[in-house]
Every structure is written in C-alpha cells, then in structure tokens.
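Below you'll find the structure, written out as structure tokens, and then a few comments.
The values are calculated or read from the model by the stated rules, or taken from the named source; none is laboratory data. In this text the structure is predicted, and so the values were computed from the model without any measurement. Counting neighbours? That spans all protein chains shown, and the Cβs are built from the backbone with ideal geometry, glycine included. We work out accessible area using only protein heavy atoms, side chains counted, and drop any ligands, DNA or RNA first. Shrake-Rupley method; radii C 1.70, N 1.55, O 1.52, S 1.80 Å.
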Amino acid sequence: MYISNVFLLILIFASSAGVQAQLSVKKESFLPGKVWYDVDGDTINAHGGGFYYQDGIYYWYGEHKSRNSLAEVGVRVYSSKDLLNWKNEGVALAVSTDASSEITSGSVIERPKVIYNKKTRKYVLWFHLELKDRGYEAARTGVAVSDSPVGPFEYVKSYRPNAGVWPQNFSEHQKTKENATELRYEWWTGEWGKALEDGLYVRRDFEEGQMSRDMTVFVDDDNKAYHIHSSEENQTLHISLLTDDYLDFTDTWVRVQPGGQNEAPAVFKSGDYYYMVTSGLTGWDPNAARSFRAKSMLGPWESLGNPAKGKDADVTFNSQSTFILPVEGRKDTFIFMADRWNPKNHKDGRYVWLPLAIKNNSPEIKWIDEWNLNERRYVRQTESEK
Ligand code: DGJ
C-alpha cells in the first residue's frame, strides 16, 4: 500500500514536471493574442499592464483578474530581462481584508502604473480605483508606495483630482457659466455635446474634484510626472502635473480633446514630440485607436488619427491600448501593449504586443503573428503585411 502510494506520488510529480517543462520552454518570440505562460508554466495574469525598467530588468504590473473583473487579489508584478520570459514576483499591491478599506476585496483596481521618484527613492503605483458595490461611479485614482519595485506597495490614498482648481485652458466665461439648464440636457443631443465641450462637467465637479477613470502616468526627461486620465463622464481627457514626490496633484492641469471620448491612454516621447495613443469608448469591446502628438505634455495636442494599419485596424486588432514601452538601449524602438479583454472570463483576457514605428512624426502599428525583438526580424508575417 505504502509503496504504491509513493509510486503514485512519483508518477504525479513526474508527469506534472513534464507538463511544466513543456510549458516553460524558453520563449523566443512574441505571439500577440496567444496564451502567455510565465517561466513556471502558469498563465500570466497582469491585465491593463504598466511597465517599469531598472538595472537590466523590466517589471510588468497588471490587474489580477478572476472570472469577473472585480479585484480579488490586487496588482500582480512579473520581472523579465528580455521581455519574453517573465517570472512571477507575486502580488505588488494586495487588496485589503478590511471591509472599510477603499481597496477592499471586491473593489475595482485597474490599469496599475509604476514610476520611480529619484528624490524620495520610492516606487509610486497609481491605479484606477472604483469603490466596492458602486460600479464605476466613484471614478477615483489611487496611489501606493514601496521601497522596492516588486513591493509590497502600501496604499496611501485616493483622489478625485484637482478639486477647487480650474484647468489652465479654461476661459473666464467658462468658469462663471451657469450649469442649471445644461445639466437637464439629454445625453447625446447636440446641445449636450456643446455644453460638455464648454466645460459642463468641469463646473459640476469643481468642488468635489474631477472624475478619473482610465489613466496612466508619465515621467518626463526633467523628472516631472504627469497623470493622464479619462474624465468628465469619460468624454474628455485631463492631464495633470503631479507634485515633486509624485503622490499628489499640483494646481496645473489641462483638458485635452473635450468631448473626444478617449479612454486607455498610453504616452511616450520620441524626438521633439510627446505621443499619446488612446481608444474610443465601447466598454470591454475593441474599437479604433486614436493617436495624438504635442510639443509639451500640457499640450496643445494634435490629432493624428488611427495609428493601426491594415486588416482589423478598425478594432485595433481586437485590443485596447494600455502602455507603450520604449525598449532600453534601442533608439526609437517601441512596443505597443494592449489588452484583448474577455468579459466572459476575464482571466483569459489576452495580451497583444506589437511593434510601434514612428513614420513622419506619427505612430504606426501593424499586426504581426509572431515577431522577435532581439533579432529585429519578423518571423512569420501575415499575407497582408508581406
Ligand atoms: C474600458 C476600460 O478601458 C477598461 O479599463 C475598463 O474600465 C472597462 N472599460 C470597463 O467597462
């Protein structure tokens, strides 16, 4: 009896080791949209990802998803030297077991992004926060800090940004306009659209602070950090300068594309320009990406149209932007990183990583089935891309 049990154990161990070995074969290329295993052979669970590079190591932070999209675990972190083979570093920011915490289990924690503050020597994690049992109505941004890139991050607080402060690009007339009539306009009517562009929701939320849903953060060459988020009922992007410690908002902020309905912002810099890629507003469903450029983070931002080209460009290859990563040590080499959401089973959402090129000062993204960054060689191009 004892021997047969041991034998069985050995068999189980051997066969599971066999599966592991098969799954954890060293990855040599990116396979957009395919299941992606970490080095232990487990599926990578890091959606709405943000990336940070330090000392030869990339860190991938993302939403741990279960079947539904509520936060049950928190923000996961993985590390890699080559962007292909990722090691699970555990939970960077854990949900709280305290029911009164803003980040209690069952809240919504989305699009985590980490930046490093050279002055305070702290890693700063920003994320979109929705309070438990309130759907998406809280529209807040949360911040947490750590002494290590892999955490544990300690939750600091959440904000409705820029309470009591007008945007820089707001006129005196816009500040003093009366909202009462306009707040009664039906959504999606022309009157409503005009009122919105003229700052209806900025005035409505002036005291409480502006809404903040899909977001990202960006550190400029001069170490100034910016928080970029969908606001005004997701109709308008706001870009805000953060304080020197990256933990709070200054009084400097602008509205971008009023009424433009941009979500999923991803920002990077190349040459003389700051670039931004966003999506439109269709929930978990994909839509056509948009792109913009500016000479300053505070704008003005110029619209450049859909950066995706070729088949399925109208749905951004069935994905939605989350980050654009400059590859270390390679001039003008960027990876467009996006989520292919699966609302029927969120943990099976996929990652779509594609090369992003700058052509005539505009970003361009093309689908490729399999590609290899190290060799700068496309392994198997689609018919349409040959
Ligand atoms: C689209 C956003 O980009 C996602 O991060 C998520 O908030 C979904 N909407 C929720 O519907």
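Size of the range 51-118: Rg and Dmax of its alpha carbons, in Å, are 13.3, 41. Residue by residue, the range 55-68 carries 3J(HN,Hα) couplings of 6, x, 10, 9, 10, 10, 9, x, 6, 6, 10, 9, 5, 8 Hz when phi is fed to the Karplus relation 6.51 cos²θ - 1.76 cosθ + 1.60 (θ = phi - 60°); x denotes Gly or Pro. Here the chain is treated as a Stokes sphere of Kirkwood radius computed over C-alpha pairs; at 37 °C and 0.692 mPa s its diffusion coefficient rounds to 150 µm²/s.
Here the chain is treated with +1 on each Lys and Arg Cβ and -1 on each Asp and Glu Cβ, and its dipole about the Cα centre works out to around 900 debye.
Can you check how the C-alpha radius of gyration of the range 41-159 compares to 2.2 N^0.38 Å, as a plain ratio?
Taking N as the residue count of the range 41-159, the ratio is 1.02.
For residue 340, the residues 5 or more places off, or on other chains, whose built amide H falls under 5 Å of its own are 320, 350, 351, 352.
Of the residues 201, 105, 279, the one whose Cα sits farthest towards the positive end of the charge dipole of the chain is 279 (charges of +1 on Lys and Arg Cβ, -1 on Asp and Glu Cβ, taken about the Cα centre). The Kirkwood radius of the range 265-386, taken over pairs of alpha-carbon atoms, gives through the Stokes-Einstein law at 20 °C and 1.002 mPa s a diffusion coefficient of 143 µm² s⁻¹.
Computed across the range 215-293, the Kirkwood hydrodynamic radius from all distinct Cα-Cα pairs reaches 13.1 Å.
Could you look at the range 165-261 and say what percent of its accessible area is carbon and sulfur, using a 1.4 Å probe and all protein chains? For the range 165-261, the apolar C and S fraction of the accessible surface comes to 45 percent.
If you roll a 1.4 angstrom probe over the protein chains with everything in place, what fraction of the accessible area of the range 265-386 belongs to carbon and sulfur, to the nearest %? Of the solvent-accessible surface of the range 265-386, carbon and sulfur hold 45 percent.
Close amide H pairs (under 5 Å, H built 1.01 Å from N) link residue 289 with 308, 316, residues at least 5 positions away or on another chain. In the range 259-335, the ratio of gyration radius to Kirkwood radius, Rg to Rh, stands at 0.97 when only Cα atoms are counted.
Note on residue 296 and residue 362: with the Förster distance fixed at 25 Å, the Cβ-Cβ geometry gives a FRET efficiency of about 0.90. Here the range 83-225 was treated as a single set of alpha-carbon atoms; its pair distances binned every 10 Å from 0 give 10, 30, 31, 19, 9, 1 percent.
Only Lys, Arg, Asp and Glu carry charge here, each on its Cβ (+1 for the first two, -1 for the last two); on that basis the range 164-314 has a dipole of about 440 debye about its Cα centre.
Helix 2-23 and the longest principal axis of the Cα set of the chain meet at an angle near 50°. Over 20 Å, how big is the tail of the calculated P(r) for the range 165-261, in percent of all Cα pairs? Summing the P(r) of the range 165-261 above 20 Å gives 37 percent of all pairs. Result for the chain in a Gaussian network model with C-alpha springs under 10 Å: among 126, 284, 341, the largest mean-square fluctuation is at 284.
Database remark: amide H of residue 261 closer than 5 angstrom to the amide H of 236 (H placed geometrically; neighbours at sequence offset of 5 or more, or on other chains; Pro and chain starts carry no H). With all protein chains present, how much of the accessible area of the range 41-159 (probe radius 1.4 Å) comes from carbon and sulfur, to the nearest whole percent? Summing carbon and sulfur atoms, their accessible area is 48 percent of the total for the range 41-159.
Mind ranking 317, 206 by accessible surface for me, highest first, 1.4 Å probe?
The residues order as 206, 317, largest area first.
Over the residues of the chain, the helix contribution to mean residue ellipticity at 222 nm works out to -3000 deg cm²/dmol, using -39500 (n - 2.57) for each DSSP H run of at least 4. Based on protein heavy atoms only, the range 137-219 ends up with 49 Å² per residue of surface accessible to a 1.4 Å probe.
The phi-based Karplus calculation (6.51 cos²θ - 1.76 cosθ + 1.60; θ = phi - 60°) puts the 3J(HN,Hα) values of the range 71-76 at 6, 10, 10, x, 9, 8 Hz, whole numbers, x for Gly and Pro. Out of 289, 139, 99, any idea which swings most in a Gaussian network model of the chain, alpha carbons joined below 10 Å? The residue that fluctuates most here is 99. Counting lysine pairs in the range 41-159 whose alpha carbons fall under 24 angstrom apart, excluding pairs fewer than 8 residues apart on the same chain, gives 16.
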